[in-house]
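S.K.: This is the structure, below, for whatever I ask next.
All of the numbers you see were taken from the coordinates with simple rules; none came from a lab. Just so we're clear, the structure is a prediction, and the values are computed from it rather than from any experiment. All Cβ positions, even for glycine, are placed from backbone atoms using ideal geometry, and neighbour counts span all protein chains on display.
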Amino acid sequence: MNDRQKERARRKHALWEMEMLASYGWYSHIVDDPNMPTGMNFHTHGLDLSWGHRDIQIVIPYPEICRGVSICIVESIKKGMKFQAGETYDKILKDKSVKFVNAKDGKRDVLRVIFPDLNDHLEKFNMTEPFDQQYEGVEE
């Protein structure tokens, strides 16, 4: 891809972001990110502007479920729910709890969603791999 094509793609993506914010109040995407513990970074944009809530981040290495879970979380936020770092919440996943912790997405402060491991553990010291990696780089 030459520089002109890259610039065209960048502008097209920026336009898409503005359209999503105008239409829905938020958007999300997944990026390969070698700075994340699992190599991937799913995160939202716009929750702070639209609902006064920090954007969320998910780093579990199962991208196929990130979108659905984020939609459930955003729907709760739109109804007035305010998720807090350090707190555990039920009913985000069907019959499992999740925890929110402070994290960074570049320079942005976000809330990272911590998913339980296969034994339903949410605390790092009890979690099995690769789920324990969700805690890398967070502010506890």
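S.K.: Which FRET efficiency value, to the nearest 0.05, is calculated for S50 and N2 with the Förster distance at 30 angstrom and r the Cβ-Cβ distance?
M.R.: Details: r = 36 Å, r/R0 = 1.21.
Computed FRET efficiency for S50 and N2: 0.25.
S.K.: Taking only Cα atoms, what is the 0 to 90° angle, nearest 10, from helix 3-24's long axis to the longest principal axis of the chain?
M.R.: Approximately 60 degrees, to the nearest 10.
S.K.: How large is ³J(HN,Hα), in whole Hz, for each residue of segment 72-80 in order, when computed from phi with the Karplus curve 6.51 cos²θ - 1.76 cosθ + 1.60 and θ = phi - 60°, using x for Gly and Pro?
M.R.: 4, 5, 5, 4, 5, 4, 4, 8, x
S.K.: In nm, give the distance between the simple-model label positions of E129 and E75, each being 7 Å from the Cα along the Cα-to-Cβ direction.
M.R.: In this crude label model, E129 to E75 measures out at 3.6 nm.
S.K.: With θ set to phi - 60°, apply the Karplus curve 6.51 cos²θ - 1.76 cosθ + 1.60 along segment 117-132 and write out the HN-Hα couplings as whole Hz, x wherever there is a Gly or Pro.
M.R.: Result, rounded to whole Hz: 7, 5, 9, 6, 7, 10, 8, 3, 5, 9, 7, 8, 6, x, 5, 5.
S.K.: Right, next: Rank these for me by crowding, R10, R112, R67, going from fewest to most other beta carbons within 10 Å. All intermediate terms of the calculation are to be shown ahead of the outcome.
M.R.: Values: R10 10, R112 25, R67 13.
Fewest to most other Cβ atoms nearby, the residues stand as R10, R67, R112.
S.K.: Can you list the residues, at least 5 places off or on another chain, whose amide H is less than 5 Å from the amide H of K104, using H built in the peptide plane?
M.R.: V110
S.K.: Counting other beta carbons within 10 Å of each residue's own, what order do W16, W51, W26 fall into, fewest first?
M.R.: Least to most surrounded, the residues fall as W16, W51, W26.
S.K.: Can you spot the lysines whose alpha carbon is less than 28 Å from K91's alpha carbon? Ignore those fewer than 8 places along the same chain.
M.R.: Cross-link targets: K78, K79, K82, K99, K104, K124.
S.K.: Per DSSP H run of n ≥ 4, the term is -39500 (n - 2.57); total these for the chain, divide by its residue number, and report the mean residue ellipticity at 222 nm rounded to 500 deg cm²/dmol.
M.R.: On the way: 3 runs with 43 residues, N = 140.
Result for the chain, helices only: -10000 deg cm²/dmol.
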